[in-house]
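Asks: Sharing a structure with you now.
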Amino acid sequence: MSIDTDFQSKLVALVPGATVSENVVSQDTTGVRVWWQRSTANVDLLLSGVPALFDGTYDLEVSGVDIDSTATVADSLKTSLHGFRGSMGSSFVLGMFVQDQSDEYIPKSIDTIPEDEGFHIFTFRVQILS
Amino acid sequence: MTINRRVGFGNTLGVDSAGGTSFVTLGAIIDGWKGPQAKKEAIDISVLSDADKQFGVGQKDWGEVTFSIMYDPDETTTTTLETLFNSVSQVAANWRVTYGVGSTGSGTIKTRTFLGHVVGLSPEVKVNEHLMCEVTVKVSGAVA
């Protein structure tokens with residue numbers, strides 16, 4: 001299993017009531033949706049050719065029509081993921097760090113401007129060192 | 001060649017103020033530490049007939065360890081370090097660095113210990129940032 005698969009499983013376990021989708025947009029508009037996508041994945045090489053640290057970043061979006069439940073899921077995810085270290089499925093995470101997305105970030109999990117469809121959306125970036 | 005990839009997150013620095021081995025982890029270190037910054041003296045042992053300079057080595061100086069903490073006069077990390085700094089005892093505290101496991105959870109947890117005195121405390125207060133304090137520990141003797 002790849003670290004992406006393990007990350008998906010971890011997200012599903014953390015928010016059992018929400019729809020968690022990797023790279024595809026769920027058509028379910030009733031509940032809270034968690035969407036994520038791998039943004040970068042870099043592995044430095046030592047001079048000898050031995051791979052060094054895996055440094056990956058993931059865009060993560062939490063959206064829903066109810067602001068309170070959406071914010072609750074977003075806050076819960078941030079709290080659970082930020083500072084995580086240890087086994088994640090078949091992967092071992094040396095460190096996981098969550099930051100808010102930059103102001104320039106455009107949400108990808110909603111086709112239109114979020115406010116037009118009454119969606120509330122929280123976006124952040126997850127860095128995984130492995 | 002097997003290299004266990006390790007990062008700073010999850011490593012700890014502990015201290016036993018009495019110089020023993022009952023280490024208390026300093027939980028308020030902000031983002032890591034630097035050191036011991038070790039040096040060894042290089043002694044010129046060249047003689048007139050040497051075409052190339054020859055060097056021997058002298059004593060090792062394990063230098064200092066520096067780090068920053070979140071300063072809180074009520075909290076153990078701050079009070080421990082302040083007590084150590086204010087102490088005039090010549091008995092050095094015992095410090096222990098603990099390196100966590102590496103990638104895939106492999107590699108063993110390793111420690112390094114050394115004796116040292118707290119020789120510098122430098123609190124920093126800014127209007128919209130948390131209180132910080134820079135700490136300097138002078139290593140005495142060897143790092144094992």
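Asks: Give me the extension gain from A:Ser48 to A:Ser76: residue separation times 0.36 nm, minus the current Cα-Cα distance, reported in nm with one decimal.
Replies: Separation in residues times 0.36 nm, less the Cα-Cα distance, equals 5.9 nm.
Asks: What residues from the stretch B:1-25 fall in the zone where the backbone N is under 15 Å from a label point 7 Å along the Cα-to-C-beta line of B:Ala38?
Replies: In the stretch B:1-25, the label zone of B:Ala38 (backbone N under 15 Å from the point 7 Å along Cα→Cβ) covers no residue.
Asks: Still on this structure, I have one more. Here are some pairs, A:Lys78/B:Lys126; A:Lys10/B:Lys126; A:Lys108/B:Lys34; which of them have Cα atoms lying more than 32 Å apart in this structure?
Replies: Checking Cα-Cα distances, A:Lys10/B:Lys126; A:Lys108/B:Lys34 exceed 32 Å.
Asks: Please compute the modelled spin-label separation between B:Val88 and B:Leu131, points set 7 Å along Cα→Cβ, answer in nm with one decimal.
Replies: 2.6
Asks: Turning to a different aspect of this structure: Restricted to Cα positions, what overall size does the stretch A:51-128 have along the principal axes? Three whole-Å values, descending.
Replies: Principal-axis extents of the stretch A:51-128 (Cα, largest first): 45, 24, 20 Å.
Asks: Counting only protein heavy atoms, what percent of the accessible surface of chain B is carbon or sulfur at a 1.4 Å probe?
Replies: Ligands and nucleic acids excluded, carbon and sulfur give 52 percent.
Asks: Taking only Cα atoms, what is the 0 to 90° angle, nearest 10, from helix A:67-81's long axis to the longest principal axis of chain A?
Replies: Tilt of helix A:67-81: around 10 degrees.
Asks: Now, a different point. How far is it, in nm, from the label point at B:Ser49 to the one at B:Thr66 when both lie 7 Å from their Cα along the line to the Cβ?
Replies: 4.7
Asks: With +1 assigned to the C-beta of every Lys and Arg and -1 to the C-beta of every Asp and Glu, and no other charges, what is the dipole magnitude of the stretch B:9-112 about the Cα centre in debye, to the nearest 20?
Replies: 400
Asks: Still on this structure: Take the eigenvalues of the Cα gyration tensor for chain B, scale each by 5, and report the square roots as semi-axes in whole Å, largest first.
Replies: Values for chain B, descending: 32, 22, 16 Å.
Asks: To continue, here is another question. Could you tell me how many degrees, from 0 to 90 and to the nearest 10, lie between the Cα long axis of helix B:76-86 and the main elongation axis, the longest principal axis, of the Cα atoms of chain B?
Replies: That helix lies at roughly 60 degrees to the long axis.
Asks: Something else: Helix A:3-14 sits at what angle to the longest principal axis of chain A, using alpha carbons and giving 0 to 90 degrees rounded to 10?
Replies: For A:3-14 against chain A, the angle is about 40 degrees.
Asks: Still on this model: Taking just the C-alpha trace of the protein assembly as shown, give me its Rg and Dmax in Å.
Replies: Rg then Dmax for the protein assembly as shown, in Å: 24.9, 89.
Asks: Give me the net charge for the shell around B:Arg96: Cβ to Cβ below 14 angstrom, other residues only, Lys and Arg +1, Asp and Glu -1.
Replies: Local net charge: +1.
Asks: Separate question: Let's test the formula: R0 of 35 Å, r as the Cβ-Cβ distance of A:Ser69 and A:Glu104. What FRET efficiency results, to the nearest 0.05?
Replies: 0.80
Asks: Give me a single rounded figure for B:97-103: the average over its residues of other chain Cβ atoms within 10 Å of their Cβ.
Replies: Going residue by residue through B:97-103 and averaging, the value is 3.
Asks: Provide the FRET efficiency to the nearest 0.05 for the B:Thr79-B:Ile30 pair, computing r from the beta carbons and using R0 = 22 Å.
Replies: 0.80
Asks: Quantify how strongly other chains surround peptide A:47-56 by giving the mean number of their Cβ atoms within 10 Å of each of its Cβ atoms.
Replies: Per residue, the number of nearby Cβ atoms from other chains is 2 on average.
Asks: Rounded to the nearest 500, what is the 222 nm mean residue ellipticity of chain B from helices alone, with -39500 (n - 2.57) per DSSP H run of 4+ residues and division by all residues?
Replies: -2500 deg cm²/dmol
Asks: Here's another thing I want to ask about it. May I ask you to give the percent of accessible area on chain A that is carbon plus sulfur, with a probe radius of 1.4 Å?
Replies: Of all accessible area on chain A, carbon and sulfur atoms account for 52 percent.
Asks: For peptide B:5-12, how many partner chain Cβ atoms fall within 10 Å of a residue's Cβ, on average?
Replies: 5
Asks: Here is a follow-up. Using only the alpha carbons of chain A, determine the length spanned along each of the three principal axes and report them from longest to shortest in whole angstroms.
Replies: Largest first, chain A extends 53, 29, 22 Å along its Cα principal axes.
Asks: If the reach is capped at under 21 angstrom between alpha carbons, list the lysines near B:Lys40, excluding any in the same chain fewer than eight residues apart.
Replies: In chain and number order, the partners are B:Lys53, B:Lys60, B:Lys138.
Asks: Say we join alpha carbon atoms closer than 10 Å with springs in a Gaussian network model of chain B; which of B:Ser103, B:Ser87, B:Ser68 then has the biggest fluctuation?
Replies: B:Ser103
The values are calculated or read from the model by the stated rules, or taken from the named source; none is laboratory data. The structure displayed is predicted, hence computed values, not measured ones. Every residue, glycine among them, receives a Cβ derived from its backbone with ideal geometry; neighbour counts consider all protein chains shown. Areas reflect the complete protein model, heavy atoms only, side chains present, ligands, DNA and RNA absent. Shrake-Rupley method; radii C 1.70, N 1.55, O 1.52, S 1.80 Å.
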